[in-house]
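Input: a single structure, listed below in C-alpha cells.
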Amino acid sequence: MRVVGRKTARLVAGQIVRDITAEGLNRLPSEAELLKRYGVSRPSLREALRVLEMYGVITLRPGPGGGALVNPVASHQFATASSLYFHLLGLTFRDVLTTRLRLEPMMARVAAEQVKAGRQWGGRESSRDPELTDVGFHFHVARFTGDPILLFFADALRNISVEISNGERVPPQVDTDLAVSHEHVEAAIKMGDPARAESLMREHISEYVSILETDFPYLLDHVIEWG
C-alpha cells in the first residue's frame, strides 16, 4: 500500500492500526520493513509512529531488542485521553460522579437481568474476593453486563475517579463503609432483581457523593486534570 498526500502520517497510522488488528501483531516490523510496506518517507513513518504512541497504541523502545511494541487495549488509556477533553471543557469531579450516578445503576439493572435470564453471577463473595472489593466491584458489575463499550467507558470514568480520590487522599473506607454497601447491591444482582439492584446502586453512589459534599466539598469542584 502506498499512501500519499498532505495527511500521509495520519493515514499511515490508520493503516498500521488496521494491520495490527488484522494480523494480531504484538510488535511492529522493523523500520525498514515498514518503509517498504507503506511506501512513505522516513519522516512520515516516524510521525505516524509518534501519533500511535501518543494514543497509547504502541510503545517505542530504543536500542537492541527495542522497536515498536503494541500495547494491550486498556481503559486507562481512554481515561487519559478523555481527561484532556474534560479538562478543556472545565468539567469537574462532580460532573464525573453525576455521569456515574446515571450510568452505574443502569449497569446494575442489566447485570441483574443477566442473572434473571439464567447467567451465573460468578459465585464469588465481594467481601472475600479482593477483585470485588472497593472499586473492583464496580468494574465487575460493568463487565458482567456483557457490553464491551459500556465496560470501557464506565471503567474509564472509574479510573478518573480513583485518580482524583487517591490524589486527594480520600480514605478508601469512605466507599466500603456506606450504609448501602457493595454486598447489598451484589445480593440484589445475584437474586436477579433488576429494579432493586438499580435502586441500591443509585443509593450507594448517592451516599458516597453526600459524604464528599460534607467532608470533601472542595474535591467535587476539582477540575479534571490531564497529564
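The values are calculated or read from the model by the stated rules, or taken from the named source; none is laboratory data. These figures come from a predicted structure and were not determined experimentally. We place every Cβ from the backbone using ideal geometry, glycine too, and count neighbours over all the protein chains shown.
Those helices (runs of 4 or more DSSP H) of the range 121-227 in which at least 1 residues are at pLDDT 90 or above and over 19 Å from the mean Cα position of the chain (by Cα), considering only elements entirely within it, cover 182-190, 194-215, 217-220. Consider the range 37-74 and keep the residues that are part of a helix (DSSP H, G or I) and in contact with a Lys or Arg (Cβ under 8 Å, 6 or more places away or on another chain). The one that is surrounded by the most Cβ atoms within 10 Å (Cβ to Cβ) is 48. The set of residues in the range 83-116 that are of a type outside the set (Asp, Glu), under 9 Å from residue 224 (Cβ atoms) and surrounded by 14 or more Cβ atoms within 10 Å (Cβ to Cβ) comprises 83, 86, 87, 91, 92, 93, 96.
Please find, among 28, 60, the residue that is at pLDDT 95 or above, under 29 Å from residue 82 (Cα atoms) and among the aliphatic types (A, V, I, L, M).
Details: 60 fails: at pLDDT 95 or above.
Testing whether each residue is at pLDDT 95 or above, under 29 Å from residue 82 (Cα atoms) and among the aliphatic types (A, V, I, L, M) leaves just 28.
With respect to being among the aliphatic types (A, V, I, L, M), in a loop (DSSP other than H, G, I, E, B) and at pLDDT 90 or above, residue 34 falls outside the description.
Checking each residue in the range 44-81 for being without any contact (Cβ under 8 Å) to a residue 60 or more places away in the chain and small (Gly, Ala, Ser) picks out 44, 48, 56, 63, 65, 66, 67, 68, 74, 81.
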